[in-house]
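Right, one structure below, let's go through it.
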Amino acid sequence: MKRAILISQEKQINELNAVLPLANYQAIARTDSGIEALRMAQRVEPDLIICGGDIQGISPLDLVQNLVHANICPVIFVLDQKDYVNLDFALKTNVHHIMTAPLRAIDVVSGIAQAEHRFNREIEQRKEMNKLNDELKTRKLVYQAILILIAGGMDEETAYASIRTEAMTSRKTIRAIAADVVKGTWRP
């Protein structure tokens with residue numbers, strides 16, 4: 001079973017605790033303190049965090065925003081009907097799912113599935129963004145190296161071909177050879 005942290009008052013924790021096994025989760029930690037919840041999330045590294053709006057210590061919206069920013073696991077925020085005016089603020093925290101109390105089992109299970117899906121999609125997008133940023137940095141570095149070699153009297157095609165050939169013969173990446181050219185440690 002996957003591990004969940006429940007952050008709310010006792011009544012709501014008991015409601016959630018009964019439904020979690022339906023979604024293949026078990027509650028490994030329960031608290032009504034926001035500060036304690038932050039510590040637990042860092043220490044335990046859960047697979048899911050469900051936070052109610054009735055916690056102590058810090059604002060539930062601040063807690064949810066910190067938990068989402070920490071990028072540990074999916075975060076679900078349970079909004080009471082009386083706190084409906086905070087819906088706009090809850091949306092701005094980028095929480096993975098918002099449920100409203102009173103909780104129904106099917107809503108909890110489907111909310112967990114949606115939160116997991118959104119969290120996994122965010123991870124994939126972040127990886128893709130990092131990959132694209134890395135490719136962009138490599139292209140900039142290679143372009144700088146080519147400009148340096150052009151300034152030394154080569155044409156663009158010859159400069160790139162010499163960088164590529166050196167990378168293949170030395171079994172280094174084109175980026176590493178381009179960095180050497182920019183540093184001035186390698187010239188064809």
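The values are calculated or read from the model by the stated rules, or taken from the named source; none is laboratory data. The structure displayed is predicted, hence computed values, not measured ones. With ideal geometry, Cβ positions are generated from the backbone for all residues, glycine too; neighbour counts draw on all protein chains shown. Only protein heavy atoms, including side chains, enter the accessible area calculation; ligands, DNA and RNA are left aside. Shrake-Rupley method; radii C 1.70, N 1.55, O 1.52, S 1.80 Å.
Can you spot a residue in the range 115-130 that is among the small types (Gly, Ala, Ser), modelled with pLDDT of 95 or more, under 15 Å from residue 68 (Cβ atoms) and in a helix (DSSP H, G or I)?
Checked against the condition, which is being among the small types (Gly, Ala, Ser), modelled with pLDDT of 95 or more, under 15 Å from residue 68 (Cβ atoms) and in a helix (DSSP H, G or I), the range 115-130 yields at least one hit.
Check whether at least one residue in the range 131-138 is under 24 Å from residue 9 (Cα atoms) and either open to solvent by 70 Å² or more (accessible area, probe 1.4 Å) or not acidic (Asp, Glu) (or both), and report yes or no.
no
Looking at the range 62-77 only, could you name the residues that are open to solvent by less than 30 Å² (accessible area, probe 1.4 Å) and of a type outside the set (Phe, Trp, Tyr)?
Selection gives 63, 64, 67, 68, 73, 74, 75, 76.
From the list 136, 141, pick out the single residue that is at pLDDT 95 or above, under 30 Å from residue 71 (Cα atoms) and not acidic (Asp, Glu).
136
Do you know which residues across the range 171-188 are in a loop (DSSP other than H, G, I, E, B), surrounded by 13 or more Cβ atoms within 10 Å (Cβ to Cβ) and basic (Lys, Arg)? Show your work before the answer.
Restricting attention to the range 171-188, the residues satisfying the condition of being in a loop (DSSP other than H, G, I, E, B) are 171-173, 184-188.
Those still in the list that are surrounded by 13 or more Cβ atoms within 10 Å (Cβ to Cβ) too: 172, 186, 188.
Within the range 171-188, just 172 meets the criteria.
When you go through 33, 8 one by one, which is the residue that is among the polar types (S, T, N, Q), open to solvent by less than 50 Å² (accessible area, probe 1.4 Å) and under 14 Å from residue 101 (Cβ atoms)? Spell out the reasoning first.
On the way: 33 fails: under 14 Å from residue 101 (Cβ atoms).
Matching residue, one of 33, 8: 8.
Pairs needed: first member in the range 60-74, closer than 12 Å to residue 92 by Cβ and of a type in the set (Lys, Arg); second member anywhere, in a loop (DSSP other than H, G, I, E, B) and modelled with pLDDT of 90 or more; C-beta distance under 9 Å; at least 6 residues apart or different chains.
Nothing qualifies.
In the range 78-120, what residues are open to solvent by 30 Å² or more (accessible area, probe 1.4 Å) and among the hydrophobic types (A, V, I, L, M, F, W, C)?
Once the filter is applied, which keeps residues that are open to solvent by 30 Å² or more (accessible area, probe 1.4 Å) and among the hydrophobic types (A, V, I, L, M, F, W, C), the range 78-120 yields 85, 87, 89, 91, 98, 103, 105, 106, 109, 113.
When you go through 154, 168 one by one, which is the residue that is over 30 Å from residue 23 (Cα atoms), in a loop (DSSP other than H, G, I, E, B) and open to solvent by 40 Å² or more (accessible area, probe 1.4 Å)?
Answer to the selection: 154.
Which one is nearest to the chain's Cα centre (by Cα), of the residues in the range 71-86 that are closer than 19 Å to residue 110 by Cβ and of a type in the set (A, V, I, L, M, F, W, C)?
The residue in question is 73.
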